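J.: Handing you a structure now.
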Amino acid sequence: MKKLSVSGITYTYEGGLYALDGVTFDVQKGSCLCVAGANGSGKSTLLALIAGCMKPARGDIYIDGISIFKQKNRFSDTGIVFQEPDNQLFMPTVWEDVAFALLKKGMSAAAAKETALAALRMVDAEYIAERAPYKLSGGEKQRAAIASVLSAFQGNIEDKILLVDEPSAALDPHARKNIIALLRRLSCTKIIASHDLDLVLDLADRVLFLYKNHVAGDSPVKGRASPGLLSDEAFLQSIGLELPLTFC
């Protein structure tokens with residue numbers, strides 16, 4: 001994957017309610033784009049569309065110039081981590097959850113477990129492999145959900161796109177700090193939806209702001225020294241957000 005292009009995508013719910021309207025942007029390989037916006041701005045819908053879980057009413061999404069909806073193996077290029085990890089964890093043990101996609105593709109149990117354990121090592125969570133998901137902490141569930149996506153990538157993460165929806169939701173400060181550190185070190189392309197602007201400040205190379213289902217702003221981010229629109233209080237308040245706590 002060299003470039004992801006989102007071109008004029010529009011998505012409506014039943015009854016004609018717009019979730020997204022004419023959203024366009026590009027993402028370069030290896031970068032971290034954070035999508036910020038208040039609740040209901042379309043962040044989760046955008047991630048689901050990029051993952052290929054839904055099709056837009058208008059517009060298209062391309063990877064290296066080819067529509068994802070015309071690629072036979074479009075699900076092999078992207079993986080999504082939902083806001084609620086419990087939606088992805090349902091097997092008796094964590095390693096079985098992490099290996100689920102591989103087992104469904106016909107990989108042997110032994111090979112799938114080996115791949116799952118390697119993915120859990122990538123997120124510093126091999127120690128939870130034999131646990132039941134319901135016995136995990138919030139941070140451990142988040143790591144297991146990320147590992148399940150990395151496992152499906154089968155080690156080739158540099159050419160893949162990791163989509164993560166609100167990774168800091170419901171995490172305590174220590175777990176939040178660890179998830180930020182984990183996401184920062186992963187070498188795949190990352191698109192992260194969040195209204196946690198301090199997390200965005202820590203992770204993003206660039207931030208895309210959604211407001212009322214449109215792109216309201218697009219800004220490079222170079223940490224606290226050059227935060228772009230993340231330090232523009234008037235702009236943030238105009239789209240229903242507040243300054244990162246760092247700048248308060």
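Throughout, read-outs are computed from the coordinates displayed, never taken from laboratory work. Model, not experiment: these values are computed from the prediction. No Cβ is skipped: glycine too gets one built from the backbone with ideal geometry, and neighbour counts run over all protein chains shown.
J.: Scan the range 149-167 residue by residue and report those that are more than 11 Å from the chain's Cα centre (by Cα), part of a loop (DSSP other than H, G, I, E, B) and buried (at least 21 other Cβ atoms within 10 Å of the Cβ).
T.: K160
J.: A further question on this structure: Do the conditions hold for I128, that is, is it crowded, with 17+ Cβ neighbours inside 10 Å, touching a residue at least 40 places away in the same chain (Cβ under 8 Å) and of a type in the set (A, V, I, L, M)? Break it down into steps so the answer makes sense when it comes.
T.: Values: crowded, with 17+ Cβ neighbours inside 10 Å: yes; touching a residue at least 40 places away in the same chain (Cβ under 8 Å): no; of a type in the set (A, V, I, L, M): yes.
It is false that I128 is crowded, with 17+ Cβ neighbours inside 10 Å, touching a residue at least 40 places away in the same chain (Cβ under 8 Å) and of a type in the set (A, V, I, L, M).
J.: Right, something else. Quick one: count up the residues across the range 138-168 that are under 22 Å from D205 (Cβ atoms) and small (G, A, S).
T.: Keep residues of the range 138-168 that are under 22 Å from D205 (Cβ atoms), which gives 142, 146, 149-150, 153, 156-168.
This time we only want the ones that are small (G, A, S), so: 168.
Total meeting the criteria: 1.
J.: While we're looking at this one, here's another question. Would you confirm whether any residue within the range 169-187 is in a loop (DSSP other than H, G, I, E, B) and surrounded by 22 or more Cβ atoms within 10 Å (Cβ to Cβ)?
T.: So the first thing to find is which residues in the range 169-187 are in a loop (DSSP other than H, G, I, E, B), and the list is 169-172, 186-187.
Add one more test, that the residue is surrounded by 22 or more Cβ atoms within 10 Å (Cβ to Cβ), and what stays is none.
No, the conditions are met nowhere in the range 169-187.
J.: Kindly indicate the residue of the range 205-230 that is small (G, A, S) and touching a Lys or Arg at 6+ places or on another chain (Cβ under 9 Å) and also surrounded by the fewest Cβ atoms within 10 Å (Cβ to Cβ) among those meeting that condition.
T.: G228
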